[in-house]
1. Given T121, T82, T96, which one is farther than 12 Å from V38 by Cβ and touching a Pro at 6+ places or on another chain (Cβ under 7 Å)?
2. Looking only at segment 60-81, filter to residues that are in contact with a helix residue (DSSP H, G or I) (Cβ under 6 Å, 6 or more places away or on another chain) and assigned to a loop (DSSP other than H, G, I, E, B); which one of those is farthest from R95 (Cα to Cα)?
3. Across segment 106-115, what is the number of residues that are assigned to a loop (DSSP other than H, G, I, E, B) and surrounded by 15 or more Cβ atoms within 10 Å (Cβ to Cβ)?
4. Those residues that are in contact (Cβ under 8 Å) with a residue 60 or more places away in the chain and either surrounded by fewer than 18 Cβ atoms within 10 Å (Cβ to Cβ) or at positive phi (or both), I need them from segment 116-129; list them, please.
5. Can you report the number of residues in segment 120-151 which are in a loop (DSSP other than H, G, I, E, B), within 28 Å of F29 (Cβ to Cβ) and either of a type in the set (G, A, S) or touching a helix residue (DSSP H, G or I) at 6+ places or on another chain (Cβ under 7 Å) (or both)?
6. Can you tell me which residue is modelled with the lowest pLDDT among those in segment 132-146 that are buried (at least 17 other Cβ atoms within 10 Å of the Cβ) and hydrophobic (A, V, I, L, M, F, W, C)?
7. Give the residue, chosen from I36, I101, that is in contact (Cβ under 8 Å) with a residue 24 or more places away in the chain, of a type outside the set (F, W, Y), within 18 Å of R145 (Cα to Cα) and in a strand (DSSP E or B).
Amino acid sequence: MIINLVGKLWKKLPKSARTFVARRMQVTFTASAAGIIVNEEGKVLLAHHVLRPASGWGVPGGFLEFGEQSEAAFRREVREETGIDVHDVELYRVRTFKRHIEVMFTAKGTGDAKVGSREITELAWFGPDELPPEMALDQQFMIRRVLGHED
């Protein structure tokens with residue numbers, strides 16, 4: 001009975017008020033977009049990131065800006081961090097950690113990557129057997145899987 005009353009009241013609210021209430025009731029979270037970028041030689045582009053724990057090496061990417069779509073964020077972050085444009089972008093997977101959503105893509109990339117962000121100290125192309133051993137194991141696994149070199 002109460003739920004029916006609440007439902008009727010809810011429907012009478014203007015859309016802007018319903019949106020406001022719904023957004024205030026939702027748990028806040030962060031979202032990032034990153035990707036495995038492969039060149040014509042079958043190597044992946046890795047960035048040595050100042051803020052990344054452990055080794056610092058990992059796939060390029062970063063946080064979404066307010067209202068930004070995940071693929072657009074991935075393309076923007078890669079351009080900002082490396083100076084290259086990616087193509088043949090495909091969704092690889094989406095995963096969650098507590099209050100964070102990570103959207104991972106695969107893409108093709110060409111050209112000389114140049115550090116374009118203070119967050120990045122180095123960029124390099126790595127083959128599947130050349131990955132820095134101290135980089136995150138989940139990223140190593142994803143890279144090897146994308147390149148068809150699963151352990």
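The values are calculated or read from the model by the stated rules, or taken from the named source; none is laboratory data. No experiment lies behind these values; they were computed from the predicted model shown. Ideal geometry is used to build each Cβ from the backbone, glycine not excepted, and the neighbour counts take in all protein chains shown.
1. Every option except T82 fails the conditions.
2. Only one residue fits best here, namely P60.
3. Of the residues in segment 106-115, 2 are assigned to a loop (DSSP other than H, G, I, E, B) and surrounded by 15 or more Cβ atoms within 10 Å (Cβ to Cβ).
4. R118, E119, T121, E122, A124, W125, F126, G127
5. Residues that pass the stated criteria total 1.
6. So, considering only residues that are buried (at least 17 other Cβ atoms within 10 Å of the Cβ) and hydrophobic (A, V, I, L, M, F, W, C), the one modelled with the lowest pLDDT is M135.
7. I36
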